[in-house]
Amino acid sequence: MSQPTPPLVSGALPGLGHALEFRSDRTALMRRGFEEHGKVFSIKLANQDVAILIGPENQKTFFMETDKALNIQEPYHFLTATFGEVLFLAPHEVYLDHRPLVLEAFRREKMLHYADVMQEVVQQWLDGLGDSGEIELVDAVTYLVQEVAGNCFLGREAHQQLGREFWDLYIDLSKALDPLLPPNLPLPKFYRRDRAKAKLKSILQPVIAERRQHPERYDDFLQDLVNKRYPDGRLADEELIVNLLLALMFAGHETTAGQTAWTIIMLLQNPDYLQLVQEEIQQVAPAGVHIDPKRMMQLDHISWAVREVERMRPSVDMLMRTVKEDLPVGDYVVPQGWLAQVAQDVAHNLPALFDDPDTFDPLRYAPGRAEDKQDRFALIGFGGGAHKCTGMNFANMEMTVITALLFRQFDLELVTKHPQVQRGLGASRPDKAVVRYWRRNT
Ligand code: HEM
């Protein structure tokens, strides 16, 4: 007898399935599915069947299946109108050409340089805060993350030259992302996207031309892209360079901003743990001391807090693939043509893996407990397998630097006591979160 397909969660509406609930409260939908059917179940988004795979054993299947059986390009196709066929938006053979280019950006010596850039950018911003005041955290952190990304990937000079215009145009790109509508409908948001893309290209063109003329003057990621030759000797063209840069900014900036803001918020909501963090900073890297790689490695309590935020407030809370070949999962088979999805919201909340999962408890990662190490597919905020996030170490370092520099120079208090999760297409993040701050006497 052939195996059954994953059971459907209750509440599907005729014609729409779970589409409305998926939009309004997908955490509740996923949690109900898990309660009703366990680790493998299905939802319906209009006519599309979607299998939800929960738990390390099933998440392993999701991440380790080849791109041929579980295709990543198709479900994210709506991003192609904005970023072109780059990375996993490209056919698999092309993707294999692009991935080493991106890995180049995160080589060890580049990471050491980025650590310095991050500290300079963050310190400059902190110096401008005055002795006390109020800020909206998500906007502030988004600005910082943009400045860091611009300085690290475009190079300091090019980023200064492009200025804030680059990011203003970038916003028109991200506002036009739409998984439902055909991307070339005559709508104002799609016109604005195309105008912004053309403008971004026109401002990056002279920068790239200068880099081609004087490659010896620059040593940064943009230059690596400009120098890149395919095995047949061709240079990466302008279109690809621009698309790769924009795709990296997309993958990295709202995601990092969201989890950084949550790290600050959750530390402020947990003053006992924050005290451990502040004592550690005082010991390892007091005010004025540069955080070199050795010191960075010693900031355990920040690193555990950052990981706890990855678990409890993942910026990316679901991942999709198109099933191209029937896929056995546990007692079921997921048929070709379905979508498969993992859901961090539920995956990171399994009591069998994470003790008292609703509690913010970064010490669960300390030696002796190391709850995340029980299975390499237990904590999946940065994905897993072949498509695991290439920017993970960069993002974790940036979150550590922002948190360390902020809390060693300022005392803070949440004015918005309980910020809520706001879901976007780029990433989930806190909605408005106002904090009050006072400079510490150091
Ligand atoms: C907290 C911040 C971040 C989070 C939560 C995050 C999360 C993720 C996740 C879950 C994936 C896997 C996607 C999938 O399997 O469908 C991914 C892939 C990726 N991320 Fe990140 N990311 C973050 C920061 C960054 C940064 C800073 C960069 C680069 C500047 C970056 C670049 C990428 C790239 C290029 C991929 C595609 C990898 C591939 O398919 O080869 N990410 N990220």
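The values are calculated or read from the model by the stated rules, or taken from the named source; none is laboratory data. All values derive from a computational prediction rather than experimental measurement. Cβ sites come from the backbone with ideal geometry, for glycine too, and all protein chains shown count toward neighbours.
Can you tell me which residue in region 392-442 is surrounded by the most Cβ atoms within 10 Å (Cβ to Cβ), limited to those that are within 18 Å of I281 (Cα to Cα) and among the basic types (K, R)?
Only one residue tops the list, namely R408.
May I ask you to verify whether S202 is touching a Gly at 6+ places or on another chain (Cβ under 7 Å), in a helix (DSSP H, G or I) and hydroxyl-bearing (S, T, Y)?
On the way: touching a Gly at 6+ places or on another chain (Cβ under 7 Å): no; in a helix (DSSP H, G or I): yes; hydroxyl-bearing (S, T, Y): yes.
The answer is no for S202.
Restricting to region 329-342, name every residue that is on the phi < 0 side of the Ramachandran plot and modelled with pLDDT of 95 or more.
Let us first name the residues in region 329-342 that are on the phi < 0 side of the Ramachandran plot, namely 329, 331-336, 338-342.
Matches in region 329-342: V329, Y332, V333, V334, P335, Q336, W338, L339, A340, Q341, V342.
Criterion first (out of contact with any Phe, Trp or Tyr (no Cβ under 9 Å at 6 or more places or on another chain), without any contact (Cβ under 8 Å) to a residue 24 or more places away in the chain and farther than 14 Å from H387 by Cβ) does E36 satisfy it?
Taking the combined requirement at face value, the residue does not satisfy it.
Let me confirm something: among Q278, Q298, which residue is among the polar types (S, T, N, Q), touching a helix residue (DSSP H, G or I) at 6+ places or on another chain (Cβ under 8 Å) and closer than 22 Å to F394 by Cβ? Reasoning before the result, please.
Details: Q278 fails: closer than 22 Å to F394 by Cβ.
None of the others qualify; the one that does is Q298.
Among the residues of region 47-59, is any modelled with pLDDT of 95 or more and closer than 23 Å to A395 by Cα?
The answer is yes; a qualifying residue exists.
For (1) in a helix (DSSP H, G or I); (2) away from the ligand (no atom under 15 Å from the Cβ); (3) of a type outside the set (A, V, I, L, M), each residue gets a yes or a no:
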| site | (1), (2), (3) |
| --- | --- |
| L222 | yes, no, no |
| V226 | yes, yes, no |
| P231 | no, yes, yes |
| V242 | yes, yes, no |
| H253 | yes, no, yes |
| A257 | yes, no, no |
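Can you confirm whether region 161-175 contains a residue that is surrounded by fewer than 17 Cβ atoms within 10 Å (Cβ to Cβ), out of contact with any Leu (no Cβ under 7 Å at 6 or more places or on another chain) and of a type in the set (G, A, S)?
Here is the first cut: in region 161-175, the residues surrounded by fewer than 17 Cβ atoms within 10 Å (Cβ to Cβ) are 161, 163-165, 168, 171, 175.
Filter again for out of contact with any Leu (no Cβ under 7 Å at 6 or more places or on another chain), leaving 161, 163-165, 168, 171, 175.
Of the ones still in play, those that are also of a type in the set (G, A, S) are 163.
Yes, there is a match, as at least one residue in region 161-175 is surrounded by fewer than 17 Cβ atoms within 10 Å (Cβ to Cβ), out of contact with any Leu (no Cβ under 7 Å at 6 or more places or on another chain) and of a type in the set (G, A, S).
If E65 passes every condition in (1) within 30 Å of F394 (Cα to Cα); (2) touching a residue at least 40 places away in the same chain (Cβ under 8 Å); (3) surrounded by fewer than 19 Cβ atoms within 10 Å (Cβ to Cβ) but one, which one does it miss?
(3)
Looking at (1) in contact with a helix residue (DSSP H, G or I) (Cβ under 8 Å, 6 or more places away or on another chain); (2) under 19 Å from L137 (Cα atoms), which one does V289 not meet, given that it meets all the others?
The number of the failed condition is (2).
Just for region 44-62: of the residues that are more than 23 Å from D375 (Cα to Cα) and under 25 Å from the mean Cα position of the chain (by Cα), which one is surrounded by the fewest Cβ atoms within 10 Å (Cβ to Cβ)? Before the answer, list the steps.
Taking region 44-62 as the starting set, the residues that turn out to be more than 23 Å from D375 (Cα to Cα) are 44-50.
If we keep only those that are under 25 Å from the mean Cα position of the chain (by Cα) too, we end up with 45, 50.
Details: L45: 19, V50: 22.
Filtering region 44-62 for residues that are more than 23 Å from D375 (Cα to Cα) and under 25 Å from the mean Cα position of the chain (by Cα), the one surrounded by the fewest Cβ atoms within 10 Å (Cβ to Cβ) comes out as L45.
What number of residues in region 146-159 are aliphatic (A, V, I, L, M) and under 14 Å from Q119 (Cβ atoms)?
Within region 146-159, residues that are aliphatic (A, V, I, L, M) and under 14 Å from Q119 (Cβ atoms) number 1.
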